[in-house]
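Sharing a structure below in structure tokens format, with a few things to ask.
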Amino acid sequence: MTRYTGFDGAEIAVVEIGPGSADARPIILLHGLFSSGEMNWRRYGAAAEIAGAGYRVIMPDFRAHGLSAAPHNAAAYPPDVLAMDIEALIAQLGLTDFDIAGYSMGARTLVRLLARGLKPGKAIISGMGLEGLIGGTQRADFFKKVVRQPDGWPSGSPEAFAAAFMKQNKVDTKAVGLLLDTFVSTPIEVLRGIETRCLVLCGVDDRDNGSAPALAMELPNAALVEIAGNHMSAVTKPDFGTAIAAWLGHPL
């Protein structure tokens with residue numbers, strides 16, 4: 001693990017795996033809400049699968065997550081803060097030719113990076129649908145409700161599942177509450193103007209962030225792959241990492 005700094009100097013923890021060769025092609029993997037690089041990308045083998053295909057795999061923990069800083073001051077959470085942190089990380093790493101993938105909140109952040117002008121070679125938007133990107137802050141509002149009230153939800157409800165996941169990962173609720181106010185929607189006209197070659201990858205039963213097929217239809221240069229699972233389980237399936245590695249192919 002190495003520590004870099006976000007847009008304002010906050011510490012961002014980053015883990016890298018992959019070939020030792022200096023010319024290995026980099027790919028940045030962005031995790032989801034209440035999660036970490038370890039949880040989404042390393043624990044179930046996706047990162048190892050991608051590294052095995054010949055990539056230098058770079059996995060930051062977002063601020064307020066994992067081993068990165070979790071500041072409690074509102075000034076540390078401007079709109080699009082996660083995209084700003086990744087832009088700062090890319091600059092510190094000196095990356096100019098690379099690929100990037102994101103799951104759920106990581107996918108939302110990836111799309112914001114593309115909207116802000118990032119030009120990766122390829123992008124993998126996973127665990128995300130059209131409505132989750134253009135639909136205002138409804139998804140953030142759902143999680144704000146859970147952060148404010150982590151107990152007392154009906155067993156089996158979406159709120160109960162989210163609260164249990166939050167507690168399991170020992171989330172700093174003060175920091176994450178501030179982070180949830182930073183989410184920015186991406187207008188459909190902006191999505192239609194994204195030229196980057198994209199893979200939209202989603203569990204066939206995942207509707208948490210809307211329709212993945214609808215998202216793939218709106219992106220002008222996108223392929224769609226659906227695998228078994230829902231929003232919580234698809235990322236744990238062997239097919240998840242296999243699909244990404246296969247679509248990326250071996251780096252030149």
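Looking at the range 138-156, can you tell me whether even one residue there is touching a Pro at 6+ places or on another chain (Cβ under 7 Å), modelled with pLDDT under 95 and among the small types (Gly, Ala, Ser)?
No: the range 138-156 contains no residue that is touching a Pro at 6+ places or on another chain (Cβ under 7 Å), modelled with pLDDT under 95 and among the small types (Gly, Ala, Ser).
While we're here: Kindly indicate whether any position in the range 113-125 is more than 23 Å from residue 25 (Cβ to Cβ), within 19 Å of the chain's Cα centre (by Cα) and at pLDDT 95 or above.
Within the range 113-125 (the criterion being more than 23 Å from residue 25 (Cβ to Cβ), within 19 Å of the chain's Cα centre (by Cα) and at pLDDT 95 or above), the answer is yes, since at least one residue qualifies.
Could you list, in sequence order, the residues of the range 206-231 that are surrounded by 15 or more Cβ atoms within 10 Å (Cβ to Cβ), outside any helix (DSSP H, G or I) and touching a helix residue (DSSP H, G or I) at 6+ places or on another chain (Cβ under 8 Å)?
206, 208, 209, 210, 211, 219, 222, 224, 225, 226, 227, 229
Now for a separate question. Could you count how many residues in the range 212-246 are within 16 Å of residue 43 (Cα to Cα), of a type in the set (Gly, Ala, Ser) and touching a residue at least 60 places away in the same chain (Cβ under 8 Å)?
Of the residues in the range 212-246, 2 are within 16 Å of residue 43 (Cα to Cα), of a type in the set (Gly, Ala, Ser) and touching a residue at least 60 places away in the same chain (Cβ under 8 Å).
Can you list the strands (runs of 3 or more DSSP E) lying wholly within the range 1-85 that have 1 or more residues being free of Cβ contacts under 8 Å to residues at least 12 places away in the same chain?
It comes to 2-5.
Go through (1) modelled with pLDDT under 95; (2) acidic (Asp, Glu); (3) touching a Leu at 6+ places or on another chain (Cβ under 8 Å) for residue 218 and report which single condition fails.
For residue 218, the exception is condition (1).
Look through 25, 108 and report the one residue that is charged (D, E, K, R), out of contact with any Ser or Thr (no Cβ under 6 Å at 6 or more places or on another chain) and under 25 Å from residue 129 (Cβ atoms).
108
Quick one: count up the residues across the range 11-33 that are surrounded by fewer than 24 Cβ atoms within 10 Å (Cβ to Cβ), closer than 20 Å to residue 110 by Cβ and not β-branched (Val, Ile, Thr).
So the answer is 5.
Does the range 69-112 hold any residues that are surrounded by fewer than 23 Cβ atoms within 10 Å (Cβ to Cβ), touching an Asp or Glu at 6+ places or on another chain (Cβ under 8 Å) and within 15 Å of residue 28 (Cβ to Cβ), and which are they?
none
Sort out which residues of the range 192-205 are surrounded by fewer than 21 Cβ atoms within 10 Å (Cβ to Cβ) and closer than 13 Å to residue 130 by Cα, and write them in order of number.
192
Which condition breaks for residue 139 when tested against (1) surrounded by fewer than 20 Cβ atoms within 10 Å (Cβ to Cβ); (2) touching a residue at least 12 places away in the same chain (Cβ under 8 Å); (3) under 29 Å from residue 73 (Cα atoms)?
That leaves (1) as the condition not met.
The values are calculated or read from the model by the stated rules, or taken from the named source; none is laboratory data. Keep in mind that what you see is a predicted model, and the values were worked out from it rather than measured. Methodologically, a virtual Cβ is constructed for each residue, glycine included, from the backbone with ideal geometry; neighbour enumeration extends over all protein chains shown.
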